[in-house]
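No lab work stands behind these numbers, since they all come straight from the coordinates. For clarity, every value in this text was computed on a predicted model and none was experimentally measured. Because the Cβ atoms are built from the backbone with ideal geometry, glycine has one as well, and the counts that use them run over all protein chains shown.
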Amino acid sequence: MRIAVINSGSSSLKFKLFDMDTKEVLDSELREHIGEDGAEYATHKEALESIAVDFESIDAVGHRVVHGGESFSESILIDARVEEGIEKLIPLAPLHNPANLEGIKALREKIGNTPQVAVFDTAFHASLPKEAYIYALPYEMYEKHKVRRYGFHGTSHSFVMKVAAKKLQKDVSEINLITLHLGNGASACAIKNGKSIDTSMGFTPLEGLVMGSRSGDLDPAILLFMQRELMLSVDEVDTMLNKKSGLLGICQENDLRKIIKSEEKHAKLALSIMIRRVQKYIGSYMALLGNVDALVFTGGIGENSEYVREKILDSTLFQSLKVLVIQTDEELEIANQTLLTIEKKV
Ligand code: ADP
């Protein structure tokens, strides 16, 4: 059985082809800068067309879809109704869901009725209890406008949870973890008995930890100040928070390897702010979980930087925690979910 995985980001497209019997990667391709000025590929469709694979030989395709809203709490076989559902969620993920849809539609032209499965970044967090996902806003913001915490990186948190359970020789349904996906985007997740019960990303991936170029948690009044007093437009504030903040905003650099090596004072400050935020989340998730079987580091930073891991763990409160470093593999998890979903339908 051969399963292809398509992970379309706002301006990138990752393609991987798996042999599901051996879990071997048969092909792996990356297309970047899609739609940017002077780029090789104007659309995700063109990028996909450029991948020279015999699509006839593929048994199923799994697509990463960023936002499943409240409509999709698990992976699902894509049909016209599902495509419509993903389209309806575009206001919640204006950069990502259109790219994901374009990938799905472009492939349909190539592979006809071969099953395609949507695997949602939000789905693992469908188990959040209401007290975790309702913001303290007028309740109609949730009821009428669906403003709530959704959480993201679910595929990664769920993948490392399963690996951690194996390592600890525990059943997934009995495991309590704090998982930290620390990459350019970053999020923390509190997992109780194998289910996400809280996570740091919220209505969008902007909330929570300090990221490469995203601010994470802020006093929302700052946004009002920027608009009222500094006369910034909504789009300017949006760009500032998502693309010009985080590590990049503080020290003009978002590559953590360079930040760690730098002696420059803003670089040191950026690192301290980022680490302190992670520590605050670990502490609060310890309070929510009570017993924690392990703290799991993953993502480019979490997997590779012993220095950052040590700095994060430098608190007396954390000395009793068992620490695991697990390499995430979102594409493999999407392939596994795709297989499970099509098997359920047969
Ligand atoms: P994305 O969210 O874009 O998938 P990654 O998970 O690839 O990001 O993580 C990218 C981040 O990981 C960058 O900040 C990079 O500097 C950092 N990183 C990668 N390797 C190391 C390392 N050995 N030490 C410190 N940081 C690292």
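Listing for the model above:
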read-out	value
Cα pair distances in the stretch 1-142, grouped into 5 Å bins until the bin that holds the longest one, percent each	2, 9, 18, 20, 19, 14, 8, 5, 3, 1, 0
Longest to shortest principal axis, alpha-carbon extents of the stretch 172-212, angstrom	33, 19, 10
Over the stretch 75-144 - Rg/Rh using Cα atoms and the Kirkwood inverse-distance radius	1.07
Additional length obtainable on full extension of the chain from Leu95 to Thr43, 0.36 nm per residue less Cα span	17.4 nm
For the stretch 1-44, alpha-carbon Rg over 2.2 N^0.38 Å	1.37
Peptides ranked, highest mean first, by Cβ atoms within 10 Å: ranges 128-136, 245-253, 2-10	2-10, 245-253, 128-136
Hz values of 3J(HN,Hα) by residue in the stretch 229-244 - Karplus curve (6.51, -1.76, 1.60), Gly and Pro given as x	8, 9, 6, 7, 7, 4, 5, 5, 5, 4, 4, 4, 5, 8, 10, 10
Over 16 Å [Cα-Cα, the stretch 158-275], rounded percent	66 percent
Gap separating the Cα centres of the stretch 8-79 and the stretch 257-297, nearest whole Å	32 Å
Full-extension gain in nm, Asp217 to Thr316, via 0.36 nm per residue minus C-alpha separation	33.2 nm
Residues of type lysines that Lys311 reaches as a straight line, Cα spacing below 20 Å, ignoring anything fewer than 8 places off in the same chain	Lys258, Lys261, Lys265, Lys268, Lys280, Lys322
Antiparallel bridge percentage (DSSP; both residues within the stretch 177-319; nearest 5)	65 percent
Ratio of the Cα radius of gyration of the stretch 261-346 to 2.2 N^0.38 Å, where N counts its residues	1.45
For peptides 101-109, 21-29, sequence by mean Cβ density within 10 Å, most packed first	101-109, 21-29
Spacing of the two label points (7 Å from each Cα toward its C-beta) at Ser12 and His145, in nm	3.2 nm
Principal semi-axes in Å for the chain [√(5λ), Cα gyration tensor, largest first]	31, 25, 21
